[in-house]
1. With respect to residue 214, determine if the residue is more than 20 Å from residue 276 (Cβ to Cβ), touching a helix residue (DSSP H, G or I) at 6+ places or on another chain (Cβ under 7 Å) and in the same structural domain as residue 277 (by TED's automatic domain parsing).
2. For residues that are in contact with a helix residue (DSSP H, G or I) (Cβ under 6 Å, 6 or more places away or on another chain) and modelled with pLDDT of 85 or more, tally how many sit in region 34-61.
3. Being surrounded by 23 or more Cβ atoms within 10 Å (Cβ to Cβ) and in contact with a helix residue (DSSP H, G or I) (Cβ under 7 Å, 6 or more places away or on another chain) is the filter here, so list the residues in region 258-273 that pass it.
4. For the condition modelled with pLDDT under 95 and part of a helix (DSSP H, G or I), what is the one hit in 245, 263?
5. Hey, can you tell me all the residues within region 224-267 that are under 23 Å from residue 211 (Cα atoms) and without any contact (Cβ under 8 Å) to a residue 12 or more places away in the chain?
6. Having 3 or more residues that are surrounded by fewer than 19 Cβ atoms within 10 Å (Cβ to Cβ) is the bar; report the strands (runs of 3 or more DSSP E) wholly within region 126-229 that clear it.
7. Return the residues of region 152-177 that are in contact (Cβ under 8 Å) with a residue 12 or more places away in the chain and over 31 Å from the mean Cα position of the chain (by Cα); say none if nothing qualifies.
8. Which numbered condition trips up residue 254, out of (1) surrounded by fewer than 18 Cβ atoms within 10 Å (Cβ to Cβ); (2) on the phi > 0 side of the Ramachandran plot?
């Protein structure tokens, strides 16, 4: 009898030892993601301020109250969200936050006026020192001005930066007994006008003579001569592009404020002073104070206390960096009513 039963052969495929598929990789990735999220939350909680923690607590207690906040995030580096009073379901949540915010705003708003004025004067003094250094650099760099650097003097006084252009024995600024400028003096004024005009401060221009009496008309003396010379300097500045509205005062002192009191006839006593005024000195000249009451007359040249600038212990800035920092002069100029000339 013939056996027709089929023969079945089973072959078992053996896999490599230790291989169980890739499901464990997915599980490990989920675990690593969860741990990263956990440590991120812990870091945020440790770096959050008490106010931010209150906001977070308020968000989970009442999400609707935060729906109209300034930022869609509970913690935002650009600003924290604030509750919406008309939408919140839990008004108690916002009360401690608003109280704390109002206290902080009250503390920030309480500024001592004297402290603010002192800070403004400090900033303005720094501006004038920068202007002084820029003018000194200009005199050193300009060959035309370098020839007359012994006749151009700078100092910072309590009323501002004073620029004095003085006579020399063999190099007067004006014709003898006249207000007609010498050409070189015009060149000095025109070379300085751009730097002086870079600041919003107003200027005061004053003329001075020596003690020698003026030999001429009986009704014309050193007082009239010094005033005419100061006004002639003003005309040159205006012709060079300086804004005439920023001239606060033009005055003649004759020989009442000598530079060299020991030698009243010294040529250095014949000079033109251009003072870049501080705001305080400007208000005093224009008869204004912050309270709106008239101030007592103030003489820029009469100030006895002055500070010599450019001392050796002060580090000088490079010219390029200095000119970049001079941009701080481009701020708002205080507006004052111009007195009649």
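1. yes
2. 0
3. 272
4. 245
5. 256, 260, 261, 262, 263
6. Ranges flagged: 152-157.
7. Correct list: 166, 167, 168, 169, 171, 172, 173, 174, 177.
8. Result: residue 254 fails condition (1) only.
The values are calculated or read from the model by the stated rules, or taken from the named source; none is laboratory data. Bear in mind that the values here come from a model prediction, so they are computed numbers and not experimental data. Note that each Cβ is placed from the backbone with ideal geometry, even for glycine, and that neighbours are counted across all protein chains shown.
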